[in-house]
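Colleague: Sharing a structure below in structure tokens format, with a few things to ask.
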Amino acid sequence: MKKTSLSIVFSFAILFSIAQTNMVSEINRLNSFNEALASLRFLASDELMGRSTTRSEIHIAARYISEQFRSFGLKKVAGTENYFQRFEIRMISPSANGSLTIGNTVYHLGDDLLQIRGFGVQLTAPVVFAGFGSPADLSNLDVKGKIVVVNMGENDSTKVTGARRLTEAKQKLLQEKGALALVERYWQSASDWELPKHAYTSQHAQVAQDSLLPVFIVHDPSGDLPAAVKNATSGAISVTGNQVNAVKAENVMGWVEGTDPQLKGQFIVLSAHYDHIGVSSEPKMVDGKLDSIYNGARDNAIGTTAVINAARYFSQHPAKRSILFITFTGEEMGLLGSKYFAAHPAIALDKLVFNLNIDNGGVNDTSQINVIGLGRTSADHDLEKACLAYGLTLKGDPAPEMGLFDRSDNVSLAAKGIPAPSFGMGVKQVDESIMRYYHQLGDEIGNLDLRYVVKYMNSFILAAQYIADNPAQPHWMPGDKYEAAWKELYGKPNTPK
């Protein structure tokens with residue numbers, strides 16, 4: 001009996017090994033060295049002028065991606081045109097003239113007051129303090145027709161960078177309840193305040209379809225604001241002189257239908273952002289030549305190329321689940337493309353069961369892959385198998401303190417409940433060898449180990465194959481902060497162990 005069992009196990013192991021060898025061989029054949037790198041060479045070229053979302057060359061990149069999808073025969077998603085999900089971005093040049101007055105206290109725009117949503121505002125209304133602005137804080141509070149002041153984040157230790165991801169949920173809830181404005185109170189260090197201050201006193205972007213409820217941040221290290229609100233009968237907001245310019249934008253997407261009758265109604269999303277940061281106003285010497293173009297090879301022409309290469313492979317070898325390929329715009333301006341897609345999904349979100357995003361800031365260890373979100377979803381085993389097939393070691397987040405998970409497009413879908421790690425090149429530690437290229441003029445294809453890049457991109461495709469073919473629906477691990485959203489999205493009462 002034991003011999004029979006061992007024989008069966010051994011036979012399955014041999015069959016798996018053969019199947020994996022065949023998949024790897026076919027991925028490598030369709031994405032051989034020069035074929036795999038062709039899109040990277042184009043997207044990271046000087047001719048695209050750094051692929052800034054606000055420059056005309058970004059539309060050349062989008063057209064190139066769409067024509068690649070067309071050449072592979074990808075299906076168009078309903079509601080898109082030529083593989084484009086079109087939307088509008090508003091570029092806002094903030095006013096220097098504005099104030100918030102509560103009682104005898106006046107906060108001045110650009111100093112201790114920032115406007116992060118909305119345009120010109122002239123408003124006098126009752127004012128109310130609502131804790132951290134959570135659903136529990138607002139459940140029994142009348143906010144209709146009022147200016148609502150809340151603490152930033154979700155607790156007293158929240159840093160400003162982490163608190164920003166919660167603002168949109170507060171904004172949406174308050175708009176539904178009829179509030180007139182949201183004022184978030186930030187009370188911690190002046191050094192942390194400099195980050196949003198720099199962002200929102202210079203030109204910044206928001207999606208045109210964003211909620212119209214105006215949102216402000218007040219720096220209140222003295223802690224006087226809550227008491228001022230309680231003692232005031234009303235508050236006044238005055239902002240004039242904003243300048244707004246509309247910019248056309250497009251996410252690019254297509255899909256391949258799955259082969260399994262039971263699983264093809266579910267989609268695995270393979271995503272990357274194709275924008276970068278454009279052209280520097282101050283040319284510098286780079287490798288002996290004067291340069292001003294941020295080519296963005298690592299960030300994120302490689303990721304976009306990997307999605308294109310995956311589309312080439314799966315168009316000829318469909319997986320059991322359907323696969324949706326998306327390249328997002330506007331990531332460098334605040335995840336704008338992925339946020340728009342999450343708010344206006346071209347395919348119902350509950351049909352999207354997993355997102356394998358691919359994004360990079362750099363690489364300094366070509367023996368490994370780093371998955372941001374490793375250990376947080378049920379896909380770890382499939383990811384590890386794919387890495388091992390290419391002789392690569394799977395590692396997790398190299399710098400958890402940097403909050404990388406919440407800084408790429410995967411978080412837009414993760415916040416909706418969709419398991420969504422991000423697949424990155426090998427980073428042993430974030431040091432000078434990474435920062436030398438991250439958002440720098442030197443991020444070019446010529447200083448990359450291209451043989452490693454090809455292995456990395458092909459392992460991404462193999463990982464997608466394993467996840468798409470796995471009969472079990474991917475899920476967040478029990479206790480993850482997005483587990484509750486997963487249960488709600490998919491109607492699951494319990495998370496599998």
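The values are calculated or read from the model by the stated rules, or taken from the named source; none is laboratory data. Everything numeric in this text was worked out from a predicted model, so none of it was measured. Positions of Cβ are generated from backbone atoms using ideal geometry, with glycine treated the same way; all protein chains shown enter the neighbour counts. The protein model used for the area step is the full one, side chains on, heavy atoms only, and it has no ligands, DNA or RNA in it. Shrake-Rupley method; radii C 1.70, N 1.55, O 1.52, S 1.80 Å.
Colleague: Expressed in nm to one decimal, what extension gain is obtained for the pair residue 238 and residue 208 from 0.36 nm per residue of sequence separation less their Cα-Cα distance? It would help to have the intermediate numbers written out before the result.
Modeller: On the way: separation 30, 0.36 × 30 = 10.80 nm, distance 2.18 nm.
Separation in residues times 0.36 nm, less the Cα-Cα distance, equals 8.6 nm.
Colleague: So which lysines can residue 455 reach, going by Cα to Cα under 19 Å and dropping same-chain residues fewer than 8 places off?
Modeller: 385, 395, 428
Colleague: Quote the accessible area belonging to residue 279 in square angstrom, nearest 10, computed with a 1.4 Å probe and with ligands, DNA and RNA left uncounted.
Modeller: 50
Colleague: Pairwise over distinct Cα atoms, reciprocal of the mean inverse distance: report the Kirkwood radius of the chain in Å, one decimal place. Before the final figure, lay out each step's value.
Modeller: On the way: mean 1/r = 0.0415 Å⁻¹.
Averaging 1/r across every pair of different Cα atoms and inverting gives 24.1 Å.
Colleague: Along the Cα→Cβ direction, 7 angstrom out, place labels at residue 431 and residue 25. What is the inter-label distance in nm?
Modeller: The modelled label-to-label distance comes out at 4.1 nm.
Colleague: Also, I was wondering about something else. Suppose the chain between residue 75 and residue 346 were pulled fully straight at 0.36 nm per residue; how much longer would it get relative to their current alpha carbon spacing? Don't jump to the answer; show the numbers that get you there.
Modeller: Details: separation 271, 0.36 × 271 = 97.56 nm, distance 1.29 nm.
Between residue 75 and residue 346, full extension yields an extra 96.3 nm.
Colleague: Counting only protein heavy atoms, what percent of the accessible surface of the range 361-497 is carbon or sulfur at a 1.4 Å probe? Before the final figure, lay out the partial values.
Modeller: Working: 2830 of 5500 Å².
Carbon plus sulfur share of accessible area: 51 percent.
Colleague: A follow-up question, please. Can you give the accessible area of residue 29 in Å² (nearest 10), computed on protein heavy atoms with a 1.4 Å probe?
Modeller: Number for this one is 140 Å².
Colleague: Given 263, 171, 149, which one lies farthest toward the positive end of the charge dipole of the range 142-290, if we put +1 on the Cβ of every Lys and Arg and -1 on the Cβ of every Asp and Glu?
Modeller: 149
Colleague: Between residue 316 and residue 381, what FRET efficiency follows from the Cβ-Cβ distance if R0 is 22 Å, with the result rounded to 0.05?
Modeller: Details: r = 26 Å, r/R0 = 1.17.
FRET efficiency, residue 316 to residue 381: 0.30.
Colleague: Using 0.36 nm per residue, how much length does the chain from residue 292 to residue 59 gain when fully extended, once their Cα-Cα distance is taken away? Walk me through the numbers on the way to the answer.
Modeller: Numbers: separation 233, 0.36 × 233 = 83.88 nm, distance 2.01 nm.
Going from the current span to full extension adds 81.9 nm.
Colleague: A follow-up question, please. Sequence gap at least 6, Cα distance under 8 Å: using those rules, report the relative contact order of the chain to the nearest whole percent. Present the calculation step by step, with values, prior to reporting the outcome.
Modeller: Working: 1006 pairs, mean separation 91.0, N = 497.
Once divided by the residue count of the chain, the mean separation gives 18 percent.
Colleague: Using r as the Cβ-Cβ distance of residue 177 and residue 99, and R0 as 25 Å, what FRET efficiency do you calculate, to the nearest 0.05?
Modeller: On the way: r = 25 Å, r/R0 = 1.01.
It comes out at approximately 0.50.
Colleague: Please report, in cubic angstrom per residue, the volume enclosed by the convex hull of the alpha-carbon atoms of the range 364-497.
Modeller: Working: hull volume 14.5 nm³, N = 134.
About 108 Å³ per residue, rounded to a whole number.
Colleague: Assuming 0.890 mPa s and 25 °C, estimate D for the range 285-369 with Stokes-Einstein, Rh taken as the Kirkwood radius over Cα pairs, in µm²/s. Intermediate values should be presented prior to the final figure.
Modeller: Working: Rh = 15.6 Å.
Diffusion coefficient, whole number: 158 µm²/s.
Colleague: I would also like to ask the following. If you place +1 on the Cβ of every Lys and Arg, -1 on the Cβ of every Asp and Glu, and leave all else neutral, what size is the dipole of the range 74-227 about its Cα centre, to the nearest 20 Debye? Kindly include the intermediate steps, with their values, before the conclusion.
Modeller: Numbers: 15 positive and 16 negative charges, 132 e Å.
Around 640 debye, computed over the range 74-227.
Colleague: Any idea what the dipole of the chain comes to, in debye rounded to 20, about its Cα centre with Lys/Arg Cβ at +1 and Asp/Glu Cβ at -1? Display every interim value, and only then the final one.
Modeller: Numbers: 47 positive and 51 negative charges, 285 e Å.
For the chain, the charge dipole is close to 1380 debye.
Colleague: Calculated FRET efficiency, residue 231 and residue 155, Cβ-Cβ r, R0 22 Å, to nearest 0.05? Mind showing how you got there, number by number?
Modeller: Details: r = 25 Å, r/R0 = 1.15.
After rounding, the FRET efficiency stands at 0.30.
Colleague: Let me ask something else. For the range 218-270, give the percent of accessible area contributed by carbon and sulfur heavy atoms, probe 1.4 Å, rounded to a whole number.
Modeller: Numbers: 1130 of 2410 Å².
Roughly 47 percent, rounded to a whole number.
Colleague: Can I ask one more? Under a point spin-label approximation (7 Å from Cα along Cα-to-Cβ), what is the residue 41-residue 257 distance to one decimal in nm?
Modeller: 3.6
Colleague: Further, regarding this structure: Return the lysines within reach of residue 487: Cα separation strictly under 20 angstrom, same-chain partners fewer than 8 residues apart disregarded; answer none if there are no such residues.
Modeller: 351, 416, 497
Colleague: With +1 on each Lys and Arg Cβ and -1 on each Asp and Glu Cβ, how big is the dipole of the range 377-480 about its Cα centre, in debye rounded to the nearest 20?
Modeller: On the way: 8 positive and 14 negative charges, 43 e Å.
Rounded to the nearest 20 debye, it is 200 debye.
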